[in-house]
Amino acid sequence: MPRDRRSRSRGSERAAGVSVGERSARRRTSADRPRGTPQERANRTARGRRPQSARARTGTRPSRRKALRRRWVALLTVITVAALVYLLFFTSMLGVRSVEVLGNAAVSTEKVLETADVPDRESMFVLDTDRIRERVETLPVIATVDVSRSWPSTVKIEVSERTPVGYYDTGETLHLVDGSGVVYKEIPEKPSGLPELKLPRVAPEDPVTTAVTAVLVSIPEDLRDRVVSATAETRGSVELTLADGKTVRWGDADQTDRKAKVLAVLLTREGTTFDVSSPELPTVS
């Protein structure tokens, strides 16, 4: 620029009252002024993250197509699970096809199946095994029942039958009695090899009954085979009558082994009554 023009320009600025220092201050102020709208400045974080609007513009959010695909996948998953639950729990796809009965001898398989009444083709998942067990337990000859599932389609019913330890004569009918005092089966005649329980009443809740049956269960087999009848007035006064007419005052069901050994010695002596209720002081009369 020609010297006279620069001179005129400076003269004009001086005339306007603007100094060189003021011009520099104006340039610094303009450079330091924040850019963008107040909302955009507020969206910026201390770590320099871009505002949500900027990310949306550059495509960092999932596209509409991807979001729609995810929703369809979630919906199909729910439908698949619901269909599977329906097929397994409410149809016969995994339904009962067969029933096995194990452990029965005194009662027929047909009788057990009839009493069990297992629903045919019912889903194995919803099958009520407790109800089946309760129905089979109503059979008098059955002591215990276990009902289980054998996948994919078989139900197993395993029973344990009562073992008789004697019989009870009501005066009109004869009944077998098991080791817990349960009268469970009527019989037409006196069974061989089983003693008669000569008691006023026989019931599992009767303490005298359970005392007598406990003795019959615990005594040695060779002695049990010789017993023809058993009686008692109290829990501690059990008496056994042997086939040869001898009477054994056994007492309660305690010290069975010791009483049996003492009795084996006493029976070698002459007498009709052998008292081992107190094995420390046995007597023969």
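When the range 182-217 is filtered for residues that are surrounded by 15 or more Cβ atoms within 10 Å (Cβ to Cβ), in contact with a Leu (Cβ under 7 Å, 6 or more places away or on another chain) and of a type in the set (A, V, I, L, M, F, W, C), the ones remaining, listed by number, are 208, 212. The residue of the range 218-236 that is nearest to residue 270 (Cα to Cα), among those that are outside any helix (DSSP H, G or I) and open to solvent by less than 40 Å² (accessible area, probe 1.4 Å), is 227.
Here is a yes/no grid of residues against (1) assigned to a loop (DSSP other than H, G, I, E, B); (2) within 28 Å of residue 240 (Cβ to Cβ):
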position	(1), (2)
144	no, no
148	no, no
152	yes, no
158	no, no
168	no, yes
171	yes, yes
180	yes, yes
185	no, yes
194	yes, yes
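Among residues belonging to the range 166-210 that are touching a strand residue (DSSP E or B) at 6+ places or on another chain (Cβ under 8 Å) and of a type in the set (Lys, Arg), point out the one that is farthest from residue 138 (Cα to Cα). The qualifying residue farthest from residue 138 (Cα to Cα) is 198. Only residues that are outside any helix (DSSP H, G or I) and either at pLDDT 90 or above or exposed (fewer than 13 other Cβ atoms within 10 Å of the Cβ) (or both) were counted in the range 92-115, giving 14. Please specify each residue of the range 241-285 satisfying the condition of being surrounded by 12 or more Cβ atoms within 10 Å (Cβ to Cβ) and in a loop (DSSP other than H, G, I, E, B). Of everything in the range 241-285, those that are surrounded by 12 or more Cβ atoms within 10 Å (Cβ to Cβ) and in a loop (DSSP other than H, G, I, E, B) turn out to be 246, 252, 253, 254, 255, 267, 271, 276, 277, 278, 279, 282.
Answer yes or no as to whether residue 122 is modelled with pLDDT of 90 or more and farther than 30 Å from residue 187 by Cα.
When the stated conditions are applied, residue 122 passes them.
Condition (residue is more than 54 Å from the chain's Cα centre (by Cα), more than 30 Å from residue 122 (Cα to Cα), modelled with pLDDT under 85 and not in a loop (DSSP other than H, G, I, E, B)) applied to the range 59-68: is it met by at least one residue? No, every residue in the range 59-68 fails to be more than 54 Å from the chain's Cα centre (by Cα), more than 30 Å from residue 122 (Cα to Cα), modelled with pLDDT under 85 and not in a loop (DSSP other than H, G, I, E, B).
Please verify whether the range 76-91 includes one or more residues that are at pLDDT 85 or above, surrounded by 13 or more Cβ atoms within 10 Å (Cβ to Cβ) and farther than 17 Å from residue 146 by Cα. Checked the range 76-91: no residue is at pLDDT 85 or above, surrounded by 13 or more Cβ atoms within 10 Å (Cβ to Cβ) and farther than 17 Å from residue 146 by Cα.
The values are calculated or read from the model by the stated rules, or taken from the named source; none is laboratory data. Keep in mind the model is a prediction, meaning the values are calculated, not measured. Every residue, glycine as well, gets a Cβ built from its backbone with ideal geometry; the counts of neighbours run over all protein chains shown. Side chains are part of the model used for accessible areas, which takes the heavy atoms of the whole protein and leaves out ligands, DNA and RNA. Shrake-Rupley method; radii C 1.70, N 1.55, O 1.52, S 1.80 Å.
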